[in-house]
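Below you'll find the structure, written out as structure tokens, and then a few comments.
The values are calculated or read from the model by the stated rules, or taken from the named source; none is laboratory data. Since we're looking at a predicted model, the values are computed, not measured. Positions of Cβ are backbone-derived with ideal geometry, glycine not excepted, and every protein chain shown enters the neighbour counts. Please note that ligands, DNA and RNA were not included when accessible areas were found on the heavy atoms of the full protein model with its side chains. Shrake-Rupley method; radii C 1.70, N 1.55, O 1.52, S 1.80 Å.
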Amino acid sequence: MAIRLFQSQTSMFCEKVRIVFALKKVPYEVVDVRKDERKSLIEFTGQRKVPSMDYNGKCVIDSTVISALLEKDYPANSVYPDGAANKGICLALEDWSDEVLIHANHAMRRAETPDARKKAEEQWAAHFNALEQIYSGKKFIFDRMTIADVAIFSQLHYLYTTVKYEIPANYKNVLAFMENMRQTLKLNSLADSFAAPSL
């Protein structure tokens, strides 16, 4: 049976999963949930959340759960660093990206007044400062791309592609990370959505 990914092209969590599929070179079919207003998604999963995966008939929901399952069944090209301590830090950073940076994205996207925009930019400034330290002198957080880098990239990429907000020029390490990811993922520009079947 084939693996089917129920997804929306603009979702940062769907992009995160597409990158994991590509890194692991696992073939899958795409079901664009916008084409039938999520009808096929609801029929298979009983809910509306993406990404969701039909994994040989088994329903799997959530980007972190999908990534962990793919890691277990396709351990080559691991998306986790070596060592238990590093893996713990990696998982914590993935969770921080998924649960904290998403709120900063939503705040920026929904900022309709100058005051709301200022608060959203202050919120992002705190996150950019943290990321500036994390990526100081590094292409990736660990010795290679991991799920932490993928999760962070997906949130920052959403900031570019959907929110239409560019990282300020003074965050040189963050910009270098984004450029490195663009090149690694073979994106022509950061305005592109990642959709490659493999890397």
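Confirm whether VAL26 is in contact with a Phe, Trp or Tyr (Cβ under 6 Å, 6 or more places away or on another chain), crowded, with 22+ Cβ neighbours inside 10 Å, part of a loop (DSSP other than H, G, I, E, B) and of a type in the set (A, V, I, L, M). Show your work before the answer.
On the way: in contact with a Phe, Trp or Tyr (Cβ under 6 Å, 6 or more places away or on another chain): yes; crowded, with 22+ Cβ neighbours inside 10 Å: no; part of a loop (DSSP other than H, G, I, E, B): yes; of a type in the set (A, V, I, L, M): yes.
When the stated conditions are applied, VAL26 does not pass them.
Determine the pairs where a residue that is under 18 Å from PHE21 (Cβ atoms) and in contact (Cβ under 8 Å) with a residue 12 or more places away in the chain, located within the stretch 35-57, has a partner that is part of a helix (DSSP H, G or I) and among the small types (Gly, Ala, Ser) with Cβ atoms under 7 Å apart, the partner being 6 or more residues away or on another chain.
PRO51/SER63
How many residues are open to solvent by 70 Å² or more (accessible area, probe 1.4 Å) and farther than 12 Å from TYR80 by Cα if we restrict to the stretch 122-150? Before the answer, list the steps.
We begin by selecting, within the stretch 122-150, every residue open to solvent by 70 Å² or more (accessible area, probe 1.4 Å); these are 122, 129, 133, 137-139, 143.
Among the residues that remain, those that are also farther than 12 Å from TYR80 by Cα are: 122, 129, 133, 137-139.
Selection size over the stretch 122-150: 6.
Applying the selection to the stretch 151-187, what residues are open to solvent by 50 Å² or more (accessible area, probe 1.4 Å), more than 22 Å from ARG18 (Cβ to Cβ) and outside any helix (DSSP H, G or I)?
Those that are open to solvent by 50 Å² or more (accessible area, probe 1.4 Å), more than 22 Å from ARG18 (Cβ to Cβ) and outside any helix (DSSP H, G or I): GLU166, ALA169, ASN170.
Table: residues versus (1) of a type in the set (A, V, I, L, M, F, W, C); (2) in a strand (DSSP E or B); (3) over 25 Å from HIS157 (Cβ atoms).
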position	(1), (2), (3)
PHE13	yes, no, no
ARG34	no, no, no
ALA68	yes, no, no
ASP82	no, no, yes
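Determine, yes or no, whether VAL60 is out of contact with any Phe, Trp or Tyr (no Cβ under 7 Å at 6 or more places or on another chain), in a strand (DSSP E or B), open to solvent by less than 60 Å² (accessible area, probe 1.4 Å) and under 29 Å from TRP96 (Cβ atoms). Please lay out each step first, then the result.
Numbers: out of contact with any Phe, Trp or Tyr (no Cβ under 7 Å at 6 or more places or on another chain): yes; in a strand (DSSP E or B): yes; open to solvent by less than 60 Å² (accessible area, probe 1.4 Å): yes; under 29 Å from TRP96 (Cβ atoms): yes.
For VAL60, the condition - out of contact with any Phe, Trp or Tyr (no Cβ under 7 Å at 6 or more places or on another chain), in a strand (DSSP E or B), open to solvent by less than 60 Å² (accessible area, probe 1.4 Å) and under 29 Å from TRP96 (Cβ atoms) - is met.
Take the stretch 107-121 and flag every residue that is open to solvent by 50 Å² or more (accessible area, probe 1.4 Å) and either more than 27 Å from ASP62 (Cα to Cα) or free of Cβ contacts under 8 Å to residues at least 40 places away in the same chain (or both).
Let us first name the residues in the stretch 107-121 that are open to solvent by 50 Å² or more (accessible area, probe 1.4 Å), namely 109-110, 112-115, 117-119, 121.
Correct list: ARG110, GLU112, THR113, PRO114, ASP115, ARG117, LYS118, LYS119, GLU121.
If the requirement is being more than 28 Å from GLU71 (Cα to Cα) and modelled with pLDDT under 95, which of these qualifies: THR162, THR113?
On the way: THR113 fails: modelled with pLDDT under 95.
Selected residue: THR162, the only one of THR162, THR113 that is more than 28 Å from GLU71 (Cα to Cα) and modelled with pLDDT under 95.
Return only the number of the condition from (1) in contact with a helix residue (DSSP H, G or I) (Cβ under 8 Å, 6 or more places away or on another chain); (2) among the acidic types (Asp, Glu); (3) open to solvent by 60 Å² or more (accessible area, probe 1.4 Å) that GLU37 does not satisfy.
Just one mismatch for GLU37, condition (1).
Mind checking whether some residue in the stretch 72-79 is within 20 Å of the chain's Cα centre (by Cα), modelled with pLDDT of 95 or more and either at positive phi or crowded, with 18+ Cβ neighbours inside 10 Å (or both)?
Scanning the stretch 72-79, I find at least one residue that is within 20 Å of the chain's Cα centre (by Cα), modelled with pLDDT of 95 or more and either at positive phi or crowded, with 18+ Cβ neighbours inside 10 Å (or both), so the answer is yes.
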